[in-house]
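First up is the structure itself, then whatever we jot down about it.
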Amino acid sequence: MENVNYLIPDPDWDYFATWQYLQESKSQIEALLSQIAEIKDATDSSDYVVTEQMTKIIHRLQRACNFMPLNIQA
């Protein structure tokens, strides 16, 4: 992982997989924020790219939920 300012937790930790997916999501969100900050005017093409990236982030967040230790889902 990049730009992590703290220790990576023990892989035996119950929340390790969830933590990893959340960290990856956070990195993707930060990258997307930087990307859209550079877009002066929205276009169909830029909307498509941004929506595609947000969809990937949503899927990664859902995976984080799926890896909850007790996997209790609402």
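Just so you know, all these numbers are worked out from the coordinates, no wet-lab data involved. Predicted, not measured: the structure shown is a model, and the values here were computed from it. Virtual Cβ from ideal backbone geometry, glycine too; neighbours counted across all protein chains shown.
For this structure, a couple of remarks:
- The lone criterion from (1) over 17 Å from THR18 (Cα atoms); (2) surrounded by 10 or more Cβ atoms within 10 Å (Cβ to Cβ) left unmet by MET68 is number (1).
- Failed item, numbered, when LYS40 is tested on (1) within 30 Å of ASP12 (Cβ to Cβ); (2) exposed (fewer than 14 other Cβ atoms within 10 Å of the Cβ); (3) charged (D, E, K, R): (1)
- The residues of the stretch 26-74 that are part of a loop (DSSP other than H, G, I, E, B) and of a type in the set (Val, Ile, Thr), listed by number, are ILE39, THR43, ILE72.
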